[in-house]
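Structure first, commentary second.
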């Protein structure tokens with residue numbers, strides 16, 4: 001394991017896991033946070049096998065084919081039915097999705 | 001080996017009026033009635049809808065219409081494929097009650113070909129798992145031995161075909177989720193070339209890896225189903241803008257003159273019965289005139305690590321859309337952010353949370369280069385190694401699953417042990433190549449073994465020629 005990876009593994013403590021859960025917008029119980037801390041550290045240690053590879057001159061590959069942006073002609077097409085889409089939402093009114101307050105609260 | 005009627009035979013007899021679609025569908029619904037409680041292949045059985053569709057097929061045939069190559073064929077759909085107005089859950093509580101406002105392209109294409117949909121099949125939640133034990137609605141049992149798993153994540157679709165609940169089914173394969181359950185349930189399962197089949201309406205897990213593919217009783221049915229659903233779709237920007245090659249002509253081609261590769265540095269870990277079946281597959285192919293050539297793919301061994309960084313990274317991004325706003329369940333809270341956190345905390349199951357956490361961590365500032373960036377470079381090495389191998393061979397043969405179907409609970413306490421199920425299937429997803437599992441021999445407790453055939457991108461004709469040869473020698477092709 002390289003120094004950089006060792007440092008990363010050592011940093012996986014309960015506090016780091018809580019930060020990741022917050023980033024992922026996941027409310028986790030204490031038991032889940034404990035489990036995640038153990039598991040994440042274990043998984044990351046396992047992933048050390050690729051850390052030993054010399055990859056400096058290798059280009060990353062994000063998808064099977066080297067696609068560029070795929071654009072179609074700028075003409076209107078049929079879209080989903082507005083009411084049908086809103087009917088699937090937990091809360092909708094006046095033709096819009098409904099959510100609890102966003103502003104004015106201490107987040 | 002399956003004894004059920006092939007889809008080709010069903011479509012032929014329904015098209016000529018020799019059998020009625022209603023009778024065919026009723027036979028399948030009767031088998032569901034008989035064994036579904038024990039197997040639990042479905043999240044939803046479309047009993048009345050299927051009979052109505054079958055009636056329409058019979059009416060059109062009586063009126064002299066040409067219905068299509070899947071006339072009256074009962075097909076089951078993995079419950080991560082969108083069906084307009086019909087609940088689609090991904091076996092997750094977070095999509096409880098959601099009815100999609102549109103059909104997946106594959107669903108529309110199969111309906112146009114005359115198929116009759118009999119139900120939505122169970123899966124590991126959001127297709128994350130290799131045993132269907134991660135479903136929020138309870139596991140599916142292997143119809144061949146109900147004390148064992150059917151594999152996953154498309155376990156319900158594999159079980160539906162193996163139990164004769166449907167003549168064919170659709171699954172999705174992100175790291176082996178069609179091929180491994182096909183192997184464990186003794187049916188044929190195909191992951192097509194990335195981009196060969198439209199992903200529009202497939203609920204995304206890892207977008208650069210996901211492909212929809214068939215489960216069938218035999219290789220010829222798989223060719224038929226794939227031909228019906230493949231081809232360019234302007235609604236999927238990763239869909240390959242060219243026509244899909246014909247497969248039916250490949251089935252009787254044989255393997256004479258084909259060069260088939262044996263990967264000598266394949267990661268170990270397959271059980272002895274599986275290794276013996278693969279060895280026998282090479283013997284059979286050599287006897288049929290193929291040249292067996294040893295190749296090396298050094299990056300193969302790093303596939304699992306690359307996959308378990310790339311797939312959770314993409315999943316953590318894709319699953320951000322389940323926030324209690326536009327679809328599915330919501331847990332009410334005082335403000336939007338708390339509502340997101342509570343909805344996701346309650347709606348997702350343990351394995352989905354585990355992968356979202358892993359993916360979010362791997363993508364977070366400071367760790368991106370150490371993990372995700374390296375995984376993407378390994379993916380490139382994998383593509384290069386396969387390209388080199390394909391300079392000297394036309395197809396490759398490996399195990400599909402390291403073992404036959406395993407008992408419930410035997411891998412659930414250790415996620416890494418479960419992840420090892422995907423060792424031999426993952427590389428094809430990383431590089432977008434086609435691969436399929438074909439039943440070939442039996443192992444422990446007479447359970448089926450799947451041999452995997454791999455080919456380069458759009459190399460399905462060669463892949464099907466090899467699979468058909470293996471099937472012939474195993475005595476598995478249907479009338």
Region B:107-131, residues that are in a strand (DSSP E or B) and in contact with a helix residue (DSSP H, G or I) (Cβ under 6 Å, 6 or more places away or on another chain): B:116, B:118, B:121
Residue A:94 surrounded by 10 or more Cβ atoms within 10 Å (Cβ to Cβ), over 28 Å from the mean Cα position of the chain (by Cα) and at pLDDT 90 or above: no
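Which members of region B:321-344 meet the condition of being within 17 Å of residue B:99 (Cβ to Cβ) and in contact (Cβ under 8 Å) with a residue 60 or more places away in the chain?
Passing the criteria: B:322, B:327, B:328, B:329.
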Verdict on residue B:246 being surrounded by fewer than 23 Cβ atoms within 10 Å (Cβ to Cβ), touching a helix residue (DSSP H, G or I) at 6+ places or on another chain (Cβ under 8 Å) and either in contact (Cβ under 8 Å) with a residue 40 or more places away in the chain or under 30 Å from residue B:415 (Cα atoms) (or both): yes
Residues (more than 9 Å from chain B (Cβ to nearest Cβ) and modelled with pLDDT under 90) located in region A:42-59: A:45, A:52
Only one of A:39, A:7 that is in a helix (DSSP H, G or I), modelled with pLDDT under 90, within 10 Å of chain B (Cβ to nearest Cβ) and under 18 Å from the mean Cα position of the chain (by Cα): A:39
Long-range neighbours under 6 Å by Cβ, at least six apart or interchain, first residue under 13 Å from residue B:431 (Cβ atoms) and more than 9 Å from chain A (Cβ to nearest Cβ) within region B:376-401, second assigned to a loop (DSSP other than H, G, I, E, B) and at pLDDT 95 or above: B:385/B:297; B:389/B:297; B:390/B:456
Positions within region B:333-362 being within 7 Å of another protein chain (Cβ to nearest Cβ), more than 31 Å from the chain's Cα centre (by Cα) and surrounded by fewer than 21 Cβ atoms within 10 Å (Cβ to Cβ), in sequence order: B:333, B:334, B:335, B:336, B:337, B:342
Selected residue [more than 14 Å from every other protein chain (Cβ to nearest Cβ), under 19 Å from residue B:183 (Cα atoms), surrounded by fewer than 17 Cβ atoms within 10 Å (Cβ to Cβ) and more than 23 Å from the chain's Cα centre (by Cα)] from B:256, B:272, B:286: B:272
Residue check, residue B:468 over 17 Å from the mean Cα position of the chain (by Cα) and outside any helix (DSSP H, G or I): no
Test: residue in region B:363-382 that is surrounded by 18 or more Cβ atoms within 10 Å (Cβ to Cβ) and within 30 Å of residue B:87 (Cα to Cα): no
Per-region count, region A:60-69, residues within 9 Å of another protein chain (Cβ to nearest Cβ) and either more than 24 Å from the chain's Cα centre (by Cα) or surrounded by fewer than 10 Cβ atoms within 10 Å (Cβ to Cβ) (or both): 1
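The values are calculated or read from the model by the stated rules, or taken from the named source; none is laboratory data. No experiment lies behind these values; they were computed from the predicted model shown. Don't worry about glycine lacking a Cβ; one is built from the backbone with ideal geometry, like all the others, and counts go over all protein chains shown.
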